[in-house]
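Coordinate-derived values only; no laboratory data. None of the values given here were measured: they were computed from a predicted structure. When we count neighbours, we look across all protein chains shown, and the Cβ atoms used for this are built from the backbone with ideal geometry, even at glycine.
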Amino acid sequence: MAAGRCDRASESQTVVAGNPMRHLARGSAPAGQAFGGVAKGIKATFDRVDSVGKKVTITFSAMYDGKDYKYNGPDADSIMLTHPDPYTLDAILKRNGHVVQRTHSVISPDGQTRTQTVTGTNVQGQKINNVVVLDRQSPPT
């Protein structure tokens with residue numbers, strides 16, 4: 001993984017490889033989400049609020065090589081990433097060696113839109129099937 005640092009983005013922004021994205025349906029991405037893209041891997045830190053209103057910070061560093069890496073968060077204990085082409089990123093979250101979530105993200109060829117599909121189960125064992133569409137924003141000046 002190339003040297004790099006990823007800090008949390010400001011609220012209502014998502015940064016994919018340094019490019020802010022905005023959730024099209026609601027006008028903003030999940031609060032505090034940040035992704036620091038590097039040539040062969042990624043380092044990520046993001047915050048979310050759980051079902052009881054508690055802030056949860058999730059972190060991981062992983063390569064796009066199909067191997068399991070430590071995942072720090074309530075949903076899983078490992079993450080596996082693949083980057084099959086320049087526009088696609090697939091992630092698999094595992095808990096105790098069992099797949100619990102799959103995420104398929106696709107960036108449009110013009111780099112302006114990201115569509116992310118997440119399927120599997122959450123930490124409570126409930127089935128999830130979420131599709132999020134984000135569009136690119138200009139960096140803050």
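List of remarks:
- Working from label points 7 Å from Cα in the Cα-to-Cβ sense, the residue 51 to residue 69 distance is 3.0 nm.
- Proximity of backbone amide H atoms, modeled 1.01 Å from N, is registered between residue 137 and 21, 22 at under 5 Å, excluding neighbours fewer than 5 places apart on the same chain.
- Shown for segment 35-141 is the translational diffusion coefficient from the Stokes-Einstein equation, using the Kirkwood radius over Cα pairs, a temperature of 37 °C and a viscosity of 0.692 mPa s: 222 µm²/s.
- Label sites at residue 77 and residue 113, each approximated as a point 7 angstrom past Cα along Cα to Cβ, lie 4.0 nm apart.
- Ordered by the number of other Cβ atoms lying within 10 Å of each residue's own Cβ, fewest first, 135, 110, 75 fall into the sequence 110, 135, 75.
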